[in-house]
Amino acid sequence: MNSDRHSAALTYTSYLALDEVLGAQRPRSDDHDEMLFIVIHQVYELWFKQLLHELAHLQQRLEKGDTAHSVRTLRRALTILKVVVAQIDVLETMTPRQFTSFRARLEASSGFQSAQFRELEAVLGRRDLRVLDNYPEGNPGRDRIAEAMRRPSIFDSFLRYLSVHGYAVPAERDHTKPIEPSEEVQRVLLEVYRDDSGPSTVAELLVDLDEGMQEWRYRHVKMVERTIGAKPGTGGSAGAAYLRTTLFHPVFPDLWAVRSEL
């Protein structure tokens with residue numbers, strides 16, 4: 001009996017499901033560099049999963065008015081985002097010719113199909129139903145993205161947080177609509193910054209999060225340009241041409257609009 005108990009004991013390998021994780025890299029060619037390409041993108045997806053986990057927790061803490069835990073969660077999310085951006089350095093060790101050697105085997109697959117990244121965008125406030133076109137009806141990823149577009153965004157939760165702290169926040173907006181700059185919200189934010197207390201710290205960390213997402217987009221564009229130039233992306237996407245259109249669009253426009261008034 002002791003032997004059976006020992007054989008069934010939890011191990012490092014079983015706890016982390018390493019057999020499944022390390023068996024999930026299945027290159028479609030013998031090219032040396034395809035393994036790196038697969039590992040990097042799988043790691044991205046793991047970090048996206050963790051970011052979604054952290055941001056869901058952040059929204060819960062914000063809506064309870066919990067400054068301390070909101071700050072801690074934001075700092076963790078920001079640190080993860082820095083790691084995500086830094087991983088591009090590893091991907092850029094692959095030359096254009098090395099990528100071209102196995103690129104055709106990617107067939108219709110494309111980073112545009114990352115449901116977790118689209119869900120992350122929706123959690124941060126993006127409301128663009130066209131992104132659902134990349135996912136068939138009944139696809140779990142499509143359902144998660146659509147649901148995230150119906151829920152309050154991070155910024156909506158931040159406004160609830162400010163309301164809990166006594167600020168005269170405007171009536172809740174339609175969560176299914178994109179976040180648009182609001183003079184009423186900006187007046188509240190100016191008051192938050194004048195008070196220079198816990199809520200202003202949370203506001204600045206949200207600016208850091210917005211800036212981090214913009215940094216990710218910029219580094220991603222330059223990596224794609226460096227690797228495939230002006231060629232179309234995999235899966236028929238527009239590649240760098242499309243990615244450039246996503247640059248310099250803030251996630252939280254009101255937090256940027258008040259900078260010139262501070």
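Bear in mind these aren't lab numbers, they're just calculated from the coordinates by the rules spelled out. All values reported here derive from a predicted model rather than from experimental measurement. As a convention, Cβ positions derive from the backbone with ideal geometry for all residues, glycine included, and neighbour counts pool all protein chains shown.
According to the square roots a ≥ b ≥ c of the eigenvalues of the Cα gyration tensor, what is the shape class of segment 81-202, taking rounded for a/c under 1.5, prolate for a/b larger than b/c otherwise, and oblate for the remainder?
Numbers: a/c = 3.69, a/b = 1.80, b/c = 2.05.
Note, shape of segment 81-202 comes out oblate.
Just to verify a number: FRET efficiency for Val43 and Ala146, C-beta to C-beta distance, R0 = 25 Å, to 0.05? Working shown, then result.
On the way: r = 26 Å, r/R0 = 1.06.
For Val43 and Ala146, the calculated efficiency is 0.40.
Does segment 163-212 come out rounded, prolate or oblate by the C-alpha gyration tensor, with a ≥ b ≥ c the root eigenvalues, rounded set by a/c under 1.5 and, if not, prolate when a/b is larger than b/c and oblate if not? Could you put the intermediate results ahead of the total?
Values: a/c = 1.92, a/b = 1.17, b/c = 1.64.
Oblate, since a/c reaches 1.5 and b/c is not below a/b.
Highest first, please rank the peptides 152-165, 50-63, 176-189 by the mean number of other Cβ atoms sitting within 10 Å of their residues. Before the final figure, lay out each step's value.
Details: 152-165: 20.6, 50-63: 19.1, 176-189: 15.4.
Per-residue Cβ counts within 10 Å, averaged per peptide and sorted highest first, yield 152-165, 50-63, 176-189.
First measure r as the distance between the Cβ atoms of Thr13 and Thr93, then evaluate 1/(1 + (r/R0)^6) with R0 = 22 Å and state the FRET efficiency to the nearest 0.05. All intermediate terms of the calculation are to be shown ahead of the outcome.
Values: r = 29 Å, r/R0 = 1.32.
According to the calculation, E is roughly 0.15.
Would you mind computing, in nm to one decimal, how far apart the modelled labels at Glu172 and Arg187 are, each placed 7 Å from Cα along Cα→Cβ?
My value for the distance between the label points is 2.3 nm.
Which value in deg cm²/dmol, rounded to the nearest 500, describes the helix-derived mean residue ellipticity at 222 nm for the chain, given -39,500 (n - 2.57) per DSSP H run of n ≥ 4 and division by the residue count?
Values: 13 runs with 165 residues, N = 262.
Computed ellipticity for the chain at 222 nm equals -20000 deg cm²/dmol.
What is the chain by shape, rounded, prolate or oblate, if you read a ≥ b ≥ c off the alpha carbon gyration tensor as root eigenvalues and call it rounded for a/c under 1.5, prolate for a/b larger than b/c, and oblate otherwise?
Values: a/c = 2.08, a/b = 1.40, b/c = 1.49.
Since a/c reaches 1.5 but b/c is at least a/b, the shape of the chain is classed as oblate.
Sum up the lysine pairs in segment 34-261 that clear both bars: alpha-carbon distance under 25 Å and a spacing of 8 or more or different chains. Before the final figure, lay out the partial values.
Working: Lys49/Lys64; Lys49/Lys82; Lys49/Lys177; Lys49/Lys222; Lys64/Lys177; Lys82/Lys222; Lys222/Lys231.
Lysine pair count for segment 34-261: 7.
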